[in-house]
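All remarks here apply to the structure that follows.
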Amino acid sequence: MNQKQKSKIEVTLIYLVILITSIIIFYPLVWTIGMSLNQSTSLYSSSIIPENFSLEHYKWLFSEESDYLLWYKNSLIVSISVAFGSVIITSLVAYAFSRYQFAGKKNALYIFLLLQMFPVMMAMVALYIFLNMIGLLDSLTGLILVYLGGQIPFNAWLVKGYFDTIPRELDEAAKIDGAGHLRVFWSIMLPLAKPILAVVALFNFMMPLFDFLLPSIVLSSQDNYTLAVGLFNFINDRFANNFTRFAAGSILIAVPVATVYLFLQRYLISGLTAGGTKG
């Protein structure tokens, strides 16, 4: 077997793997879209290609009978707050670790790395007790604070790696011109770090929208539900009879994520590739 035949076999195998992966990814998505367009509300009578297309389930979600808009608003409040707060907190922490020398810096970085090895589920009981003690249980504020605190280790490590790639000569030149630490951070570091900060913003915007476990533990009032918890409880008692409406609600979750992704698209690739080049 010559080299040309081997290359053809390799390319064929690559395309085969891509095809199988695409089927695994897109088949459930196509089913969800198809079910959301079925007229019936039953899971068992739904089909991947509806015989009669209907938008009645989408219309029902926006009616007074449904709390979907309230859950959507709660999710957007949490997601926007977490994305915005994560960018601010992470950039400040990463700047301190990248540019300053202080006692315990190396050990703190190791602790950040170590914390990423443990699943979030290990802290659920402690988080529940803590939020109950400070009176923030069953509130969006408490949920936002948990998300903000939990994102610091991974994001700070990621952004620090990007900050380390920015030449220190730029800092020194700005300080010679009279700029202070805050001015250097705001006028030099942040504009140059837009790609990695866009990655942080996107990841932290998506997480509250799709997360079910933490909100289901923290939130107990229906008025405070996020989309994941609300949709689950919506079908929990009547799974087969409400699944098409559940599918319609799930499809609409992709709208804000796609919007943010398109807005930050030009920064994402460079941010993901450059963030881990230096540690």
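The values are calculated or read from the model by the stated rules, or taken from the named source; none is laboratory data. Just so we're clear, the structure is a prediction, and the values are computed from it rather than from any experiment. Here the Cβ is made from the backbone with ideal geometry for all residues, glycine too, and neighbour counts use every protein chain on show. Just the protein is used for accessible areas: all its heavy atoms, side chains included, with ligands, DNA and RNA removed. Shrake-Rupley method; radii C 1.70, N 1.55, O 1.52, S 1.80 Å.
When you go through (1) polar (S, T, N, Q); (2) open to solvent by 60 Å² or more (accessible area, probe 1.4 Å); (3) in contact (Cβ under 8 Å) with a residue 12 or more places away in the chain one by one for GLN3, which number turns out not to apply?
Condition not satisfied by GLN3: (3).
Go through segment 92-122 and give me each residue that's within 22 Å of VAL200 (Cβ to Cβ), assigned to a helix (DSSP H, G or I) and open to solvent by 40 Å² or more (accessible area, probe 1.4 Å).
Going through segment 92-122, the residues within 22 Å of VAL200 (Cβ to Cβ) turn out to be 92-100, 105, 108-120.
Within this subset, residues satisfying the condition of being assigned to a helix (DSSP H, G or I) are 92-99, 105, 108-115, 120.
Residues satisfying the conditions are LEU92, TYR110, ILE111, LEU113, LEU114, LEU115, VAL120.
In segment 99-107, is there at least one residue being more than 23 Å from ASP211 (Cα to Cα) and touching an Asp or Glu at 6+ places or on another chain (Cβ under 9 Å)? Working first, answer last.
Just the residues of segment 99-107 that are more than 23 Å from ASP211 (Cα to Cα), to begin with: 99-107.
So of that shortlist, the ones also touching an Asp or Glu at 6+ places or on another chain (Cβ under 9 Å) come out as 99.
Yes, segment 99-107 has at least one match.
State all residues of segment 58-79 that are crowded, with 17+ Cβ neighbours inside 10 Å and among the aliphatic types (A, V, I, L, M); if no residue qualifies, say none.
Within segment 58-79, LEU61, VAL78 meet the criteria.
Could you please find all residues in segment 128-174 being open to solvent by 30 Å² or more (accessible area, probe 1.4 Å), under 17 Å from SER220 (Cα atoms) and more than 20 Å from the chain's Cα centre (by Cα)?
Of everything in segment 128-174, those that are open to solvent by 30 Å² or more (accessible area, probe 1.4 Å), under 17 Å from SER220 (Cα atoms) and more than 20 Å from the chain's Cα centre (by Cα) turn out to be TYR128, ILE129, PHE130, ASN132, MET133, ILE134, GLY135, LEU136, LEU137, ASP138.
Given segment 161-248, what helices (runs of 4 or more DSSP H) lie entirely inside it while holding 1 or more residues that are without any contact (Cβ under 8 Å) to a residue 60 or more places away in the chain and under 30 Å from SER63 (Cα atoms)?
Here the list reads 194-210, 213-218, 227-236.
For segment 14-41, what are the residues that are more than 20 Å from ALA254 (Cα to Cα), part of a helix (DSSP H, G or I) and either open to solvent by 70 Å² or more (accessible area, probe 1.4 Å) or of a type in the set (A, V, I, L, M) (or both)?
First pass over segment 14-41, keeping only residues more than 20 Å from ALA254 (Cα to Cα): 14-21, 39-41.
This time we only want the ones that are part of a helix (DSSP H, G or I), so: 14-21.
ILE14, TYR15, LEU16, VAL17, ILE18, LEU19, ILE20 - these are the residues of segment 14-41 that are more than 20 Å from ALA254 (Cα to Cα), part of a helix (DSSP H, G or I) and either open to solvent by 70 Å² or more (accessible area, probe 1.4 Å) or of a type in the set (A, V, I, L, M) (or both).
So which pairs qualify, if the first residue must be in segment 27-39 and touching a residue at least 60 places away in the same chain (Cβ under 8 Å), the second must be among the small types (Gly, Ala, Ser) and exposed (fewer than 14 other Cβ atoms within 10 Å of the Cβ), the Cβ gap must be under 7 Å, and the two must be at least 6 apart or on different chains?
If the second residue must be among the small types (Gly, Ala, Ser) and exposed (fewer than 14 other Cβ atoms within 10 Å of the Cβ), the pairs left are ASN38/SER47.
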